[in-house]
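Engineer: Have a look at this one.
The values are calculated or read from the model by the stated rules, or taken from the named source; none is laboratory data. Predicted model, so just to flag it, every value in this text is computed and none were measured. Positions of Cβ are generated from backbone atoms using ideal geometry, with glycine treated the same way; all protein chains shown enter the neighbour counts.
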Amino acid sequence: MLRCLIPRKILGNKLLLGLSLMTTLFCLPVPAWCLTGDRLLLSSLPQLSFSPSSEIYSLPKALAVEKRFSKSVRSLRSYRCTLKNYYDLREKTPDEWLEIDVVYPQKKVRIGLIRPRKGARLIYSSVTGSVRVKPFDFLGLVLTLSPLNSLLVSRYGHTIDHADLSSFDRRIFAPACLSRSCSYLGSGVWKGVPVDVLNIAPDVVEAHRTFGRMVLLFDRATGWPLLVETLSPEGRFMEKVEYENCRKNVFFPPGFFRM
């Protein structure tokens with residue numbers, strides 16, 4: 001459970017005084033996340049046990065996490081993940097639930113929807129620049145569309161041609177760190193997994209038009225993301241994306257990325 005280091009046992013009137021004192025000492029001058037959108041995002045994760053870093057908003061630690069992640073992604077031949085996307089902090093069931101398969105270097109992305117339209121499939125190829133879409137698993141209908149087609153673009157502008165981790169690093173994560181807009185907030189445990197917690201404020205990258213702030217959780221053992229939460233430029237919650245069951249360098253049979 002997320003805390004601002006408030007003592008557990010204070011009785012009577014001392015409770016308010018102690019609470020006020022601890023808030024002043026621990027939430028104002030020290031953990032900078034207590035004063036920003038990070039607090040809203042982190043407090044929305046009841047399964048996160050979080051310890052703020054003693055090096056407040058450490059850029060060097062954030063750069064180390066990004067460097068490790070970038071190196072891992074560049075070495076990939078393929079990967080598979082399950083993604084769950086939530087558009088409401090209170091939702092327990094994901095608004096979007098899908099399996100994503102990716103191969104490199106000529107990028108191909110295959111998405112199989114579990115929710116909201118179970119059985120629908122999308123396959124993108126960087127060679128053709130188009131998306132093959134099978135809207136219903138029980139019909140033979142297959143469409144060829146642009147990744148920018150309004151039928152395929154998510155609520156906040158995500159497109160299948162940039163749905164992979166390499167694109168996320170190249171277009172958002174690495175530029176934010178190069179512009180000194182990424183910070184290490186601390187370590188924690190997310191659903192039993194030790195994590196590093198980072199903040200991104202993409203002030204000078206293309207995501208800034210849509211996203212105001214992101215909080216990312218990275219698996220400390222693998223260096224891969226487990227969760228990305230975002231706020232709008234106005235400070236409102238936008239979405240939470242969870243990465244589950246990720247596997248690197250998966251073998252896909254011939255024809256897997258054809259439809």
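Engineer: So which residues in segment 163-199 are modelled with pLDDT of 90 or more, surrounded by fewer than 19 Cβ atoms within 10 Å (Cβ to Cβ) and in a loop (DSSP other than H, G, I, E, B), if there are any at all?
Structural biologist: Lys191, Gly192
Engineer: Provide a single number: the residues in segment 89-103 that are assigned to a loop (DSSP other than H, G, I, E, B), surrounded by fewer than 18 Cβ atoms within 10 Å (Cβ to Cβ) and in contact with a strand residue (DSSP E or B) (Cβ under 7 Å, 6 or more places away or on another chain).
Structural biologist: Final tally of qualifying residues: 2.
Engineer: Does Ser70 satisfy the condition of being crowded, with 18+ Cβ neighbours inside 10 Å, under 30 Å from Pro105 (Cβ atoms) and at pLDDT 65 or above?
Structural biologist: Working: crowded, with 18+ Cβ neighbours inside 10 Å: yes; under 30 Å from Pro105 (Cβ atoms): yes; at pLDDT 65 or above: yes.
So Ser70 passes the test.
Engineer: Among Gly119, Gly112, Gly140, which is the only one that is touching a Leu at 6+ places or on another chain (Cβ under 8 Å) and assigned to a loop (DSSP other than H, G, I, E, B)?
Structural biologist: One residue alone meets the criteria, Gly119.
Engineer: Moving on. Check off (1) under 29 Å from Val131 (Cβ atoms); (2) surrounded by 21 or more Cβ atoms within 10 Å (Cβ to Cβ); (3) modelled with pLDDT of 90 or more for Phe211 and give me the number that stays unchecked.
Structural biologist: (3)
Engineer: If Arg132 meets every condition in (1) charged (D, E, K, R); (2) more than 24 Å from Lys248 (Cβ to Cβ); (3) not in a strand (DSSP E or B) apart from one, which number is that one?
Structural biologist: Here Arg132 meets the rest and fails (3).
Engineer: Please find, within segment 120-162, the residue that is farthest from Tyr86 (Cα to Cα) out of those that are of a type in the set (Lys, Arg) and at pLDDT 90 or above.
Structural biologist: Arg132
Engineer: May I pose another question? Please list, ordered by first then second residue, the pairs with beta carbon atoms under 9 Å, 6 or more apart or interchain, first in segment 58-78 and in contact (Cβ under 8 Å) with a residue 24 or more places away in the chain and closer than 15 Å to Ser167 by Cα, second in a loop (DSSP other than H, G, I, E, B) and among the polar types (S, T, N, Q).
Structural biologist: Close Cβ pairs satisfying both conditions: Ser72/Thr222; Leu76/Asn249; Arg77/Asn249; Ser78/Asn249.
Engineer: Scan segment 141-182 for residues that are of a type in the set (Ser, Thr, Tyr) and over 20 Å from Ser72 (Cα atoms) and jot them down.
Structural biologist: First, the residues of segment 141-182 that are of a type in the set (Ser, Thr, Tyr): 144, 146, 150, 154, 156, 159, 166-167, 179, 181.
Passing the criteria: Thr144, Ser146, Ser150, Ser154, Tyr156, Thr159, Ser179, Ser181.
Engineer: Taking segment 214-235 as the region of interest, how many residues are modelled with pLDDT of 85 or more and farther than 22 Å from Leu48 by Cβ?
Structural biologist: Matching residues across segment 214-235 total 0.
Engineer: Something else: Step by step: first the residues of segment 99-139, then only those that are of a type outside the set (A, V, I, L, M, F, W, C) and in contact with a helix residue (DSSP H, G or I) (Cβ under 8 Å, 6 or more places away or on another chain), then the one that is nearest to Ile160 (Cα to Cα). Which residue is that?
Structural biologist: Step by step, filter segment 99-139, then rank; the result is Tyr124.
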